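This report concerns only the one structure given below.
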Amino acid sequence: MAESLEFDRLAFEDLAWWVEYNRKQTLKIIRLIQKVQRHPFHGKKVRYSGLLIVPED
């Protein structure tokens, strides 16, 4: 597991917006962040619209 996690200021503001307006979706976002934190280089490259930008090879 990654020992630390750093949020960009704008990403944190976005997360705060999700907490205020859509808690159910926020839980999904937090679970995704936790999953990536546990296994940062595992799995397929997936584009999560608005959450994660994966550069094209």
Every residue from segment 19-42 that is assigned to a loop (DSSP other than H, G, I, E, B) and either of a type in the set (Gly, Ala, Ser) or closer than 21 Å to Glu3 by Cα (or both): His39, Pro40, Phe41, His42
Checklist (1) at pLDDT 75 or above; (2) under 12 Å from the mean Cα position of the chain (by Cα); (3) surrounded by 11 or more Cβ atoms within 10 Å (Cβ to Cβ) applied to Tyr48, failing item: (1)
Selection within segment 1-10 - surrounded by 10 or more Cβ atoms within 10 Å (Cβ to Cβ) and at pLDDT 90 or above: none
Flag for Lys35 being loosely packed, with under 10 Cβ neighbours inside 10 Å and at pLDDT below 90: no
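The values are calculated or read from the model by the stated rules, or taken from the named source; none is laboratory data. For clarity, every value in this text was computed on a predicted model and none was experimentally measured. For neighbour counting, all protein chains shown are included, and Cβ atoms are generated from backbone atoms with ideal geometry for every residue, glycine included.
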